[in-house]
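Worksheet for the structure shown next.
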Amino acid sequence: MRFIPHLLYFIAFCLYLRDVLQFYFTDSGINYNHPLIIRKAKEFFPHPATEIKMVKTAFEFVRDNIAHSWDIQSSRVTCKASEVICFAEGICYAKSNLLAALLRSQSIPTGFCYQRITLGDTPDTGYCIHALNAGFLKSLGRWIRLDARGNKNGVDAQFSIEQEKLAFPIRTEYDEIDYPVIYMHPNPKTIATLMNNSDCITMYLITCLPICSKTRWSFVYRLIAYILIQQLVLPG
């Protein structure tokens, strides 16, 4: 009986390790083994380079050099990281795939975060999911969130290891919600949106963007998960 606590600890650690390792994985959307991603990573990350410098460089590249498709009124819809870097454009769902691919290619654990925000300036325009990233900085022992959506008038996201500077401050009076949990994989709804649409302008105008639930129990659950994630010390 005295071995039961040790067994439970071992099982818990194995489950934790299984989940944590997924922050490093490649998949069809975060395809960092694609030649275009490999080439860009070699260009960006000469050795030696500090972890913070690598994250900042990748973030600023995706933010500034990959156009947001709606901002440039492009009809193109990209999804995979390789597509985003090939065409140099994408909406936030696609751009977050690229940033995750670039950072994971350098063994920097990277996840996905989401916000429920108004589609326009006011609630009558409807709501949508906004995607951003989080990267784990081993040198700091904690996660930082990265919003590479792309800056414009009224949007000023910055890389910061001190005070978070995201693209969209949450307006609770408009029922917007910041879901403070870090996911290992992109939300299936965001990927389905990109895969099932062929025209970005139409996708926005007929409000095909997915909507997050606003239930407060969901928010409480995600807050608990976020607190737990902040305590994790990732391997390597």
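The values are calculated or read from the model by the stated rules, or taken from the named source; none is laboratory data. Note that this is a predicted model, so its numbers are computed, not measured. All Cβ positions, glycine included, derive from the backbone under ideal geometry; neighbour counts span all protein chains shown.
Checked against (1) of a type in the set (Gly, Ala, Ser); (2) crowded, with 16+ Cβ neighbours inside 10 Å; (3) farther than 24 Å from Ile206 by Cα, Ser107 passes all but a single condition, namely (2). With respect to Ile72, is the statement that it is more than 21 Å from Arg145 (Cα to Cα), more than 16 Å from the chain's Cα centre (by Cα) and at pLDDT below 95 true? When the stated conditions are applied, Ile72 does not pass them.
Do the conditions hold for Ile170, that is, is it buried (at least 18 other Cβ atoms within 10 Å of the Cβ), of a type in the set (Val, Ile, Thr) and at negative phi? Here the answer is no, as Ile170 does not meet what is asked.
The helices (runs of 4 or more DSSP H) found entirely in segment 37-119 that carry 2 or more residues being touching a strand residue (DSSP E or B) at 6+ places or on another chain (Cβ under 7 Å) are 51-65, 92-104. Of Asn65, Asn33, all but one fail to be touching a Ser or Thr at 6+ places or on another chain (Cβ under 6 Å) and either closer than 12 Å to Arg104 by Cβ or surrounded by fewer than 15 Cβ atoms within 10 Å (Cβ to Cβ) (or both); the exception is Asn33. With respect to the stated conditions, Leu99 fails to be more than 21 Å from Leu194 (Cα to Cα) and either surrounded by 24 or more Cβ atoms within 10 Å (Cβ to Cβ) or in contact with a Pro (Cβ under 6 Å, 6 or more places away or on another chain) (or both).
Out of segment 140-151, which residues are surrounded by fewer than 21 Cβ atoms within 10 Å (Cβ to Cβ), touching a helix residue (DSSP H, G or I) at 6+ places or on another chain (Cβ under 7 Å) and part of a loop (DSSP other than H, G, I, E, B)? Please lay out each step first, then the result.
If we filter segment 140-151 for residues that are surrounded by fewer than 21 Cβ atoms within 10 Å (Cβ to Cβ), which is where we start, we get 140-142, 144-145, 151.
With touching a helix residue (DSSP H, G or I) at 6+ places or on another chain (Cβ under 7 Å) added as a condition, the list becomes 142, 151.
Answer for segment 140-151, where residues must be surrounded by fewer than 21 Cβ atoms within 10 Å (Cβ to Cβ), touching a helix residue (DSSP H, G or I) at 6+ places or on another chain (Cβ under 7 Å) and part of a loop (DSSP other than H, G, I, E, B): just Asn151.
The residue that is farthest from Gln115 (Cα to Cα), counting only those in segment 182-229 that are surrounded by 13 or more Cβ atoms within 10 Å (Cβ to Cβ) and modelled with pLDDT under 60, is Ile229.
Any residue at all in segment 88-100 that's modelled with pLDDT of 95 or more, within 16 Å of the chain's Cα centre (by Cα) and of a type in the set (S, T, N, Q)? Yes, segment 88-100 contains at least one residue that is modelled with pLDDT of 95 or more, within 16 Å of the chain's Cα centre (by Cα) and of a type in the set (S, T, N, Q). How many residues does segment 120-139 contain that are without any contact (Cβ under 8 Å) to a residue 60 or more places away in the chain and not in a strand (DSSP E or B)? Qualifying residue count, segment 120-139: 6. In the set (1) among the β-branched types (Val, Ile, Thr); (2) part of a loop (DSSP other than H, G, I, E, B); (3) under 14 Å from the mean Cα position of the chain (by Cα), the condition left unmet by Ile161 is number (3).
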